[in-house]
1. Can you work out which of the residues in segment 135-158 that are in a helix (DSSP H, G or I) and in contact with a strand residue (DSSP E or B) (Cβ under 9 Å, 6 or more places away or on another chain) is farthest from the ligand (Cβ to nearest atom)?
2. Pairs only if they're at least six apart or on different chains, beta carbon under 6 angstrom, first in segment 33-51 and assigned by TED's automatic domain parsing to the domain that holds residue 226, second surrounded by fewer than 17 Cβ atoms within 10 Å (Cβ to Cβ); list them, first residue then second.
3. Which condition from (1) within 16 Å of the ligand (Cβ to nearest atom); (2) modelled with pLDDT under 95 is the one that residue 227 breaks?
4. Among the listed residues 147, 208, 198, identify the single one that is at positive phi and surrounded by fewer than 23 Cβ atoms within 10 Å (Cβ to Cβ).
5. Please go through segment 227-274 and pick out each residue that is more than 20 Å from the chain's Cα centre (by Cα), closer than 27 Å to residue 133 by Cα and in a helix (DSSP H, G or I).
6. Residues in segment 94-107: is at least one within 22 Å of residue 323 (Cβ to Cβ), in contact with a strand residue (DSSP E or B) (Cβ under 6 Å, 6 or more places away or on another chain) and away from the ligand (no atom under 16 Å from the Cβ)?
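The values are calculated or read from the model by the stated rules, or taken from the named source; none is laboratory data. Since we're looking at a predicted model, the values are computed, not measured. We place every Cβ from the backbone using ideal geometry, glycine too, and count neighbours over all the protein chains shown.
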Ligand SMILES: *Cc1c(COP(=O)(O)O)cnc(C)c1O
């Protein structure tokens, strides 16, 4: 079976990990954490990086640090991972959803302004699968209405929007370092901000809101979201190779695109837009409904050809857990609904060989050609 994801860990990962063991620095107090934070923040041109235990935790901290709570509304795409919405809901705020753009698979920025109310506090953008959200209209709306921007850049390590790094656009921006992300720490995440006091808040929230002078006296409820020195060791070694990783993903994307360009029955990822070239975090396909097969059918057939796949996101307005809470009763987002029914992605991991790509292309032709 060709795995849907496999990381590449053959740089300095082992060396730095051994250093953790040899020195005894394994907790979040170890020196790699700060080095990884500084290195990653510099890469996305932010003043502060706050390493946390995963990308979901980074989003939780972002929502809490911005003071989003009861009565507030946050506008976000329906087509995303549950991580984006959990803390909005838990904090007692109201998520307000927008549909996707069928060409880029990102949130349709034309739908944002109509969703703004007197309670809107923030817009959360989620760069999805390989192309960034069109940021200029989002930033313009945010400025005009005085809204905060949260940027989930989990899938965009090394990507740029009009030449500026993804992860540099939000009042708070977040990354994940799960093993299917360009840079992995096994589990891990980071919050990126420029504002000093927001950075202090995020650091405090990460560390149980211990106080510097009265450690065990708490003015606020935080979490333990700390990243270990071992995770940061991996991250540092991975970060050294980010350019190589981005080039590798673009190579995978180009090879799939060439091999599948003439496929009659599926939409492929756009190679680029006027503001960015695709970074192909994953290589997705959206099957035409006229084909009479949905993503599940095709994924099953590909599995029997030895090709691993993963379904596209299930939109937030179709999540049973959220609907049971009374959310999104009247929401319809036809583009995201179709992407969920008809979309999935092919093996896209860093360790994927050209031979595996070619075998996958052959299997896709066999199933869909
Ligand atoms: C992976 C991912 C997350 C969650 O990150 P974890 O580290 O798995 O918690 C959040 N948002 C997006 C867009 C992601 O791709």
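1. 145
2. Final answer for the pair search is 46/194; 47/194.
3. Result: residue 227 fails condition (2) only.
4. Working: 147 fails: at positive phi; 198 fails: at positive phi.
Step by step, each of 147, 208, 198 is checked, and only 208 is at positive phi and surrounded by fewer than 23 Cβ atoms within 10 Å (Cβ to Cβ).
5. Residues satisfying the conditions are 251, 254, 255, 256, 257, 258, 259, 260.
6. Checked segment 94-107: at least one residue is within 22 Å of residue 323 (Cβ to Cβ), in contact with a strand residue (DSSP E or B) (Cβ under 6 Å, 6 or more places away or on another chain) and away from the ligand (no atom under 16 Å from the Cβ).
Yes/no per residue for (1) free of Cβ contacts under 8 Å to residues at least 60 places away in the same chain; (2) surrounded by fewer than 21 Cβ atoms within 10 Å (Cβ to Cβ):
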site: 88; (1), (2): yes, no
site: 99; (1), (2): no, no
site: 104; (1), (2): no, no
site: 108; (1), (2): no, yes
site: 112; (1), (2): yes, no
site: 132; (1), (2): no, no
site: 151; (1), (2): yes, no
site: 166; (1), (2): no, no
site: 169; (1), (2): yes, no
